[in-house]
Every structure is written in structure tokens, then in C-alpha cells.
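Right, one structure below, let's go through it.
Bear in mind these aren't lab numbers, they're just calculated from the coordinates by the rules spelled out. Just so it is clear, the model here is predicted, and its values are computed rather than measured. Don't worry about glycine lacking a Cβ; one is built from the backbone with ideal geometry, like all the others, and counts go over all protein chains shown.
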Amino acid sequence: MINKEMKQFPINYTQTVEKNAIGWGGHQTVADECKTANIKKALIVTTGLKGTGIVDEINQILTTNGIATEIYNKVTSNPKDYEVMEAYEVFEAGECDGVVSIGGGSSHDCGKGVRAVAANGGRYICDMAVFIDPPWMEEIKKFKPITIPQVAVNTTAGTGAESSPGFVITNTKARTKQLLLVPGAAPTAALIDPLLVRLMPQNIAAWTGFDALAHAFESFICRIQAAHTLSLQLGVMKTVAENLREFTYNRMNHTACENMCWAESMAGVGLTLGAGAGIVHGLGVAFGAITGCHHGLANAVMTIPGERYNQPACPDRFAEMARAMGADTRGLTKMQAADKWFDEIERLLADLNIKTGHLNEQFGLQQKDVKHIVTVYSNDFAREGNPRDFNFDECVQLLDSML
Ligand SMILES: [Fe+2]
């Protein structure tokens, strides 16, 4: 059939963004936000954040302000389907009426999952995953919207999950991470507090900060995008280029810490307002599900090969991103200017001590899993907006070259 549309994505949709509170000491308003959202008994969903004292402190603020709590603290990186279902059991048994997620993307996404399952009568979470085929915009009409509130207390500067409406859960049977877009999943309020964010370990600071950058550059070159997104993401790239190194190696650098909080939130909001990810997240997420590699690190190792693959499709956009990251592109051709972006990324990866390539040696990725990863990506939302046309064999070659 001939596609009669003049444009591939003729209508751009912008989504609303819920409340973001960004600033020093913001976590202390957690009880106020719960009261505003009418939460009387909260399920705290968290990885535990051992050694930081953050969960105990939030729990104390809630209980001393009359909000009862239950705690589920077994969330792991790349949160699993069974963790969501276990947390849901605690939510139901405790007769909770809201969620307080404490942590980074894993905790917030698990919290969204609990609310999605509760809103849909205990249904297995990954039964509500969405894909390109069957068409996700039709599928999401079948899910009951979430009305249970969630207050997200952020402790990382990276994922933007504290305010985004989508979430990603590992389907352990299918050996992959799956996207969920159950209506109403965005947290009711997000508290992004540099006081908590600066307690991250050094490697997590680097990896999550790179995730924020990946949201910015992938949505900047995405085929699906709203104009709101573009200007926000240029700001993110500039902010990350100027602050992530200092933040990684000294989280007590208050300026760098605060700026990274803004960058990660802007990147997440930019995605929410109307854009998509691409091959870096698409392959990176599937790779992370197989190997257990941290989400931000997975994106970091996919960036150079994935975007070199995309570069011929949109060199002007890469040149613009190079300038946003501080490169001087005067007098260069568009391809030379685009190359400057890769120079900036390579230097950043080296400064963050992130080693690329050697995915077998570094993470245990095996050749037999390459086709599985590409198959997952072939029906993943991230593929839809990637600037270069999808080609299965080329993606297999790309991953093979990284083994
Ligand atoms: Fe991400």
C-alpha cells in the first residue's frame, strides 16, 4: 500500500508534566505532597539506598506527620516483573492508598508498576507492555487509567523517571525490558533534591548523568519530536557538558550537583513534552536486560557506535549538538562539524572512566544473544523515531562489532 501521508508523523503530541519541585531540602516536603495527594497510607518503594539513611529519614517524616507506611525495599537495577508483583502484594495487604518511591529510575518505575497493577485488578504487569505492533496507541485504550497517587523522591540525576509518564520493567520470562504507557502513570509530584542526589556513589553519578545526556541527544535527533523538546535538550547538553565531570568526581560541588539536577529534569521533561528515544536506548535497554548492565552505562557504551550509524541521516543535528557541548565548528563542512560531536562524547566518556566496546569481556554479552537484542529492538517504541531506517542485519553487525 502507498503511504499517502505527507509526513511520517504528521501530528506532534505534547504531554502535560506533573509537579516537579527542584531544590535544596525539597525532600522535607514529602509529607505535605502526600497530604495534597490525599495519601493516608503510603507504600514506600525503594532499592533500600543502604548506607545513606535516606529511606529512614523519609519514613520518619511521613509517620511523624500522620501518614502511615509500609515498605518494599527489594527493588533492583533494571526492575523486574516479580518485584512489581511482590510490591503490589504488600500494597494490597497493607491497604495502602498511595506510593512514595525513593531512589532513581528503578524505584520510581517499580512504583508506577505497582499503581498500574492495582488499577487493573492485579493483572501481571508485563501483560500491559506496549510495542510498535500491535499499535501501542490502540493498546493503551484497553488499560484502566491510574488514579492512585505517587510522590517520587529522587536520589539520582539521570533518568527523569520521577516525572515521566512511561516506565520500563524487565520481563524475566521474555528476557527483556518492556515499555509501559498505562495512562496516568506519571507521579503526582516529583521531589528533586540536590541534598539527596549528592549522596550517590561516583560511578552511579557518572552513569545516571550520562543517561540524562542520552535522553537529550536521542530526542534531539528523533523523528518524533515537538519544538518544546529541542530547545530544552540543547540546554541539557550544554549543562551536562559543563557539569557532569565535576559532579562525578566531587558530589559536594554544590553548583555542579544543582545543575545536574536541572539537567536530568529538563531532559526527562523534554522527552515527556513530545519526543522519543532511538537506537542507543533501544539496543541499550535490551542489552541491559540480558547482562544486568546499569541503564546509564548501557546507553554510554552504545552511544558512539549507535550514533555513528545515525550520523549520515542527520549531520546538521549532530553539528548543532556539537556546538551545544562547546565545540567550535566555524569553517567546517556539515560532516566535519558533526564529527566534532563524537569528539566531545569520546572525551566525556574517557573523563568519566567509561570503557566502550568489548561487551563480552566487560559485561558477558554473548554472540548468541545479539539477534535476540535486535529482535526486541525491532518492535520497540525506541525504533519508531530513530533517525535512520531500521535494518535488522545492520543492527546485528553493529552489535557484533562491539563484542
Ligand atoms: Fe534512559
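What to note about this one:
- ALA93-ASP343 FRET efficiency (beta carbon distance; Förster radius 51 Å; 0.05 resolution): 0.40
- Separation between Cα centres of region 96-175 and region 59-90, rounded to whole Å: 14
- Secondary-structure-derived ellipticity at 222 nm for the chain, considering helices only, amounts to -16000 deg cm²/dmol, per-run term -39500 (n - 2.57) for DSSP H runs with n ≥ 4.
- Rounded tilt (10° steps) of 254-274 against the dominant C-alpha axis of the chain: 80
- Region 263-317: C-alpha gyration tensor shape, a/c 1.5 cut-off, then a/b vs b/c: oblate
- The largest-to-smallest principal axis extents of the Cα set in the chain are 63, 52, 43 Å.
- FRET efficiency for THR63 and TYR249, using Cβ-Cβ distance with R0 set to 41 Å, rounded to 0.05: 0.65
- Of all lysines in the structure, the ones whose alpha carbon falls short of 29 Å from that of LYS35, not counting any fewer than 8 places away in one chain, are LYS19, LYS50, LYS74, LYS112, LYS144.
- If you model region 248-342 as an ellipsoid using its alpha carbon gyration tensor, with each semi-axis the square root of five times an eigenvalue, the axes come out at 24, 21, 14 Å, biggest first.
- Mean separation of Cα contacts under 8 Å (6+ apart) over length of the chain, as relative contact order %: 16
- With the charge dipole of the chain set up from +1 on Lys and Arg Cβ and -1 on Asp and Glu Cβ about the Cα centre, the Cα lying farthest toward the positive end among the listed residues ILE148, THR356, ALA21 is that of ILE148.
- Distant-in-sequence amide contacts of GLU70, defined by a placed amide H-H separation under 5 Å and a gap of 5 or more residues or a different chain, comprise ALA42, LEU43, ILE44.
- Extending 7 Å from Cα along the Cβ direction at LEU403 and again at THR147 yields two label points whose distance is 5.3 nm.
- Share of pairwise Cα separations in region 152-254, more than 22 Å, in percent: 40
- Hydrodynamic radius (Kirkwood) for region 202-402, which is based on Cα pairs only, to one decimal in Å: 16.8
- Using the empirical formula 2.2 N^0.38 Å as the baseline, the Cα radius of gyration of region 291-403 reaches a ratio of 1.13.
- Considering only THR188, THR76, THR156, the Gaussian network model of the chain with Cα springs below 10 Å gives its largest mean-square fluctuation to THR76.
- Projecting the Cα atoms of ASN379, ALA256, MET335 onto the dipole axis of region 202-402, where Lys and Arg carry +1 and Asp and Glu carry -1 at the beta carbon, places MET335 farthest toward the positive end.
- Highest average packing first - 278-288, 338-348, 356-366, Cβ atoms within 10 Å: 278-288, 338-348, 356-366
- Rounded to the nearest 20 debye, dipole of the chain from Cβ charges on Lys, Arg, Asp, Glu: 320
- Cα-derived Rg to Rh of region 19-197, Kirkwood definition: 0.95
- Debye-formula intensities of region 164-213, expressed as log10 I(q)/I(0) at q = 0.31 Å⁻¹, are -1.03 (one equal scatterer per alpha-carbon, no solvent).
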